[in-house]
Amino acid sequence: MDGMADRATLHGSAELPPAEWGRRSAVAPVAPWMFAVVIGLLVIGRFVLSPYLTAPALQTWATIFVAICVQALPFLVFGVLLSAAITAFVPPSFWTRALPRRPAAAVPVAGMAGAVLPGCECAAVPVASGLMSRGVAPAAALAFLLSSPAINPVVIVATVVAFPGQPMMAVARFAASLLVAVIVGWVWLRFGRTEWLRIPSRTANAESKWVNFRDAAQHDFLHAGGFLVVGGLTAATLNVLVPRSWLDAVAGSTWLSVLALALLAVLLSICSEADAFVAASLTAFSPTARLAFLVVGPMVDLKLIALQAGTFGRRFAARFVPLTFGLAVLVSVGVGAVLL
């Protein structure tokens, strides 16, 4: 009877949360075009205003900022569309059929699922909560939450494009991110407690799948696009305003440079489809430090901390965030030392 109860718990009948759960309210249909217009004005303004930007530093700043935004935008759009499609069209029953019943085996399988099922950071939290509400082991759902935004095909291809001639950066990102996701899942399976994790119960969404797809794509595009602009502004500013001697002092220390970029990833909260272009622009730092930026960002940032605390509870976030951040930094250093 206990075994039957366990299987019933593992493959529960609760529905996945609605697609808009964890997102802001639906955005007006014109909103994505507004962001596209802003990007267009940035590109046009770069060439129109270029003759009037006489200061070399200002010209450099404008060039770096526009280059980051324009290079990252196609990957951002493609990643958002794929994420919205998965949120709206992948049936809930897929997850319980795909994952092994034993939680210890389900953790690496759920982690690897992130390689074929793209999702942005914001979408990963409600999807992981929905998996738990259907009875999937929390450790496996958390492994998917960490891996999906970090190792999906869009992110890996974007990393290859952002680091031309350095294919090992994409390999190292994939290996380090997957390793962190699986280790965190196993640690939570061994030491996590039921009372630390609040699993919200949700009813099925009555809206059509196409409405869910549209709303998810609109929200994620504007949300991720805003953080991309902030990341581009910050990266361009760091490259122009911060004295080279300061960057050299930080970049010259292995651990200090890794911690500096790991904390910068938390603060910037850049979408994983675009963060590689920001990391590539931080040329003063070592490949290992930039790898830490790429591994930490999709797993721990300010918006994710707030969303995880609101979804799973503050007791969960207080334990999960430090665990993930610490392992992400340590694994990045180890993988960087081997592969980079």
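Data table
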| item | result |
| --- | --- |
| Evaluation of residue 284 against (1) within 18 Å of the chain's Cα centre (by Cα); (2) not in a helix (DSSP H, G or I) (one fails), failing number | (1) |
| Residues of the range 290-303 satisfying the condition of being closer than 14 Å to residue 325 by Cα, part of a helix (DSSP H, G or I) and at pLDDT 90 or above | 291, 292, 293, 294, 295, 296 |
| Condition broken by residue 290, with the remaining ones in (1) basic (Lys, Arg); (2) surrounded by fewer than 19 Cβ atoms within 10 Å (Cβ to Cβ); (3) within 30 Å of residue 73 (Cβ to Cβ) satisfied | (2) |
| Residue in the range 286-298 that is polar (S, T, N, Q), under 18 Å from residue 185 (Cα atoms) and in contact (Cβ under 8 Å) with a residue 12 or more places away in the chain present | no |
| Of all residues in the range 309-330 being of a type outside the set (Gly, Ala, Ser) and surrounded by 23 or more Cβ atoms within 10 Å (Cβ to Cβ), the one that is farthest from residue 188 (Cα to Cα) | 312 |
| Matching residues in the range 313-325 - criterion: being assigned to a helix (DSSP H, G or I) and either more than 20 Å from residue 265 (Cα to Cα) or over 17 Å from the mean Cα position of the chain (by Cα) (or both) | 314, 315, 316, 318, 319 |
| Residue selected from the range 92-135 under the condition surrounded by 24 or more Cβ atoms within 10 Å (Cβ to Cβ) and part of a loop (DSSP other than H, G, I, E, B), by the criterion modelled with the highest pLDDT | 114 |
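The values are calculated or read from the model by the stated rules, or taken from the named source; none is laboratory data. Just so we're clear, the structure is a prediction, and the values are computed from it rather than from any experiment. With ideal geometry, Cβ positions are generated from the backbone for all residues, glycine too; neighbour counts draw on all protein chains shown.
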